[in-house]
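Here's the structure, in C-alpha cells; my notes come after.
No lab work stands behind these numbers, since they all come straight from the coordinates. Bear in mind that the values here come from a model prediction, so they are computed numbers and not experimental data. Counting neighbours? That spans all protein chains shown, and the Cβs are built from the backbone with ideal geometry, glycine included.
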Amino acid sequence: MLPVVALVGRPNVGKSTLFNRLTNTRDALVADFPGLTRDRKYGQATFDRKQFIVVDTGGITGDEEGIDAHMAQQSLLAIDEADVVLFLVDARAGLMPADQGIAEHLRKVNKKVYVVANKVDGIDGDSESADFYAMGLGTVYQIAAAHGRGISRLLDTGLNPLAEEFPAMLVEPKPEHEELSAEEQLARLQSLPIKLAIVGKPNVGKSTLTNRILGEERVVVYDLPGTTRDSVYIPLERDDREYILIDTAGVRKRRRVTEAVEKFSIVKTLQAIEESNVVLLVVDAREGISDQDLSLLGFVLNSGRSLVLAVNKWDGLNTEIKDEIKRELDRRLGFIDFARLHFISALHGSGVGNLFDSVVEAYDSATRRVNTSMLTQIMEMAQEEHQPPLVQGRRVKMKYAHAGGYNPPVIIIHGNQVDKLSGAYKRFLMNYFRRSLNVMGTPIKIEFREGA
Ligand code: GDP
Ligand code: GDP
C-alpha cells in the first residue's frame with residue numbers, strides 16, 4: 001500500500017501547482033465520477049525516491065454555499081481518506097479568515113497536518129509566514145511550489161515517519177546484482193497466491209461479478225470495521241490455483257444511505273491495483289468507454305500490472321448494437337495490444353468462467369522465468385532482422401540481454417549507444433520479445449544500459 005497525501009486550502013494558494021510538480025504531469029488523471037469525486041484529482045506521485053498517492057481538492061473558501069459547499073465537501077472527503085494532510089496557505093496573501101476556518105476543522109480531525117506556506121519565492125519567507133503560527137497547527141513549512149523549492153524537506157518530514165507502515169513507499173535504489181534479485185522476486189511471486197483486483201467505476205457490475213465468481217451461496221454480510229479505503233480480501237481456489245480476490249466494490253453491508261457512493265473510492269481502487277498481480281478492469285457495455293474508464297486504465301498501465309479487460313452487461317443486446325460497441329472499443333482501447341478482452345454478463349454468468357483462463361495466462365506470462373542466454377538470443381535475432389540505425393555514423397550495438405524483474409517482466413539490454421535507439425526501434429524490440437516469449441496479458445518493460 002502507498003500512503004495518501006491530501007492537498008487542502010483555499011483556492012489559488014497553489015495546490016494544483018504542487019500537485020503537478022509531485023506527479024510530473026500537466027494533465028492529472030482527473031477522476032470525475034458523477035456526484036462523487038468531482039473536484040478531486042488523484043495522481044501517483046514520485047518525488048525524491050518516495051512514492052505516494054496525492055489528492056488535490058477544489059479548495060475551501062470559507063463561504064460554503066452552493067458550489068463552494070460542494071467543493072468543501074470534497075475536501076473533507078479527501079481529508080478523510082488521507083494519511084497526511086498538507087494544508088496550503090499563501091505567504092503573499094497572508095492569513096485569511098478562510099484559512100482560520102480550515103484550521104479549525106483540521107484541529108478536530110485526527111490526522112497528521114502540515115501547514116505549508118507557498119509562494120515564498122522573492123519575498124522574506126520567515127516574516128511573511130510568521131502569521132500562520134497563529135492557527136495553532138505547529139511548524140509552518142515554506143515552499144515555492146512553482147519553483148520546486150522546499151518540497152523535499154517538507155516531504156522528508158511528512159512522509160519519512162510513514163516508511164515503516166508503508167514500506168512500498170520507498171523507491172529502492174537499483175540493486176547491484178540484478179539477475180539475482182530478479183530470481184528472488186520470482187521465487188517470492190511463485191510462493192504466493194495470485195492477487196486479482198476487480199476494479200472499475202461505480203455500477204459497472206463489480207459486486208455482481210464478485211458474487212458470481214464466488215457462487216450465489218455467498219452471504220453478503222461483512223460488516224468489517226474499516227474505512228471506505230479498505231478493500232475486502234477473499235481467498236479463492238479454482239482449478240488448483242490459489243487466488244486472493246481484492247474486492248474493491250466492498251461486497252459488504254453498509255447501513256448508511258450513501259452506500260452507492262461510499263462503496264466506491266479512488267484511493268481504494270489505486271491501492272488495490274498497487275497490491276495486485278493481475279487487474280481485472282470491468283467496463284459497462286451499455287455506457288461505452290468513458291474518460292473515467294480511461295483514467296483507471298491509465299493507472300493500471302502506469303503500475304505495470306497484468307491486465308484483463310471485461311466488458312460487462314453483454315446480455316440482451318442485439319447484433320447491431322454489439323457491433324457498434326465493438327467498434328467503439330477498438331477505437332478507444334485499440335492502443336492496448338497486450339490485454340485480452342472478454343464480453344461477459346456478470347448477471348447471467350456467461351463468459352465469466354473464461355475470464356480465469358486469461359487471468360492465469362496473464363499471471364504466467366508476467367512470471368515466466370527467462371534466462372540470459374534465451375533473452376540474448378532473441379535480442380540477436382531481432383537485431384539481425386532489423387539492424388539498429390546509425391547514430392552519427394556509428395551503429396548502435398546491443399550486446400546482451402538479461403532479466404531485471406517480473407510482474408511486469410523487465411528486460412535489460414546492454415550495449416553501445418543503446419540510449420540512442422528510437423521509439424520506433426524500441427517498439428519493434430518490444431513486439432519481437434512479446435512474440436518470441438509468447439507473452440500475453442502483461443506489459444513488458446525494456447531498459448537499456450550503456451556498456452557491457
Ligand atoms: P489552487 O487553486 O490552489 O490549485 O492554485 P494554483 O496551483 O492554480 O495556483 C494559483 C496561482 O498561484 C497560479 O497563478 C500559480 O501560478 C501561482 N503559484 C503557485 N505556486 C506558486 C509559487 O510557488 N510562487 C508564486 N510566485 N506563484 C505561485
Ligand atoms: P458495482 O458498483 O460495480 O459493484 O456494480 P453492481 O454489481 O452493484 O451492479 C450495478 C447494477 O448493474 C446492478 O443493478 C446490477 O444488477 C447491474 N448489472 C451488473 N451486472 C450486470 C450484467 O451482466 N447485465 C446486466 N444487464 N446488468 C448487470
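The packing ranking of peptides 122-130, 388-396, highest mean first, is 122-130, 388-396, where packing means the average number of other beta carbon atoms within 10 angstrom of each residue. Each residue of region 442-449 was assigned a 3J(HN,Hα) from its phi angle through the Karplus expression (A = 6.51, B = -1.76, C = 1.60, θ = phi - 60°), giving 9, x, 10, 10, 10, 10, 10, 10 Hz with x at Gly and Pro.
Report the chymotrypsin sites (Phe, Trp or Tyr not before Pro) located in region 102-192 that are in a DSSP loop and have at most 10 other Cβ atoms inside 10 Å of their Cβ, or state none.
Details: sites: 114, 132, 133, 141; in loops: none.
Listed in order of number, the matching sites amount to none.
What do you get for trypsin sites (Lys or Arg not before Pro) in region 399-452 restricted to DSSP loop and a cutoff of at most 11 other Cβ within 10 Å of the site's Cβ?
Values: sites: 399, 420, 426, 427, 434, 435, 445, 449; in loops: none.
When the trypsin sites (Lys or Arg not before Pro) of region 399-452 are filtered for loop state and at most 11 Cβ neighbours within 10 Å, nothing remains.
Annotation note: chymotrypsin sites (Phe, Trp or Tyr not before Pro) in region 269-349 located in DSSP loop regions with a Cβ neighbour count of at most 11 within 10 Å are 335. Taking a straight line from the alpha carbon of residue 195, these lysines sit under 18 Å away, with near neighbours fewer than eight places off in the same chain left out: 206, 268.
Got the relative contact order for region 372-450 handy, in percent, Cα pairs under 8 Å and 6 or more residues apart?
32 percent
Computed from backbone phi, the HN-Hα couplings of region 163-169 come to 4, 6, 6, 10, x, 5, 5 Hz, rounded to whole numbers (Karplus: 6.51 cos²θ - 1.76 cosθ + 1.60, θ = phi - 60°; Gly and Pro given as x).
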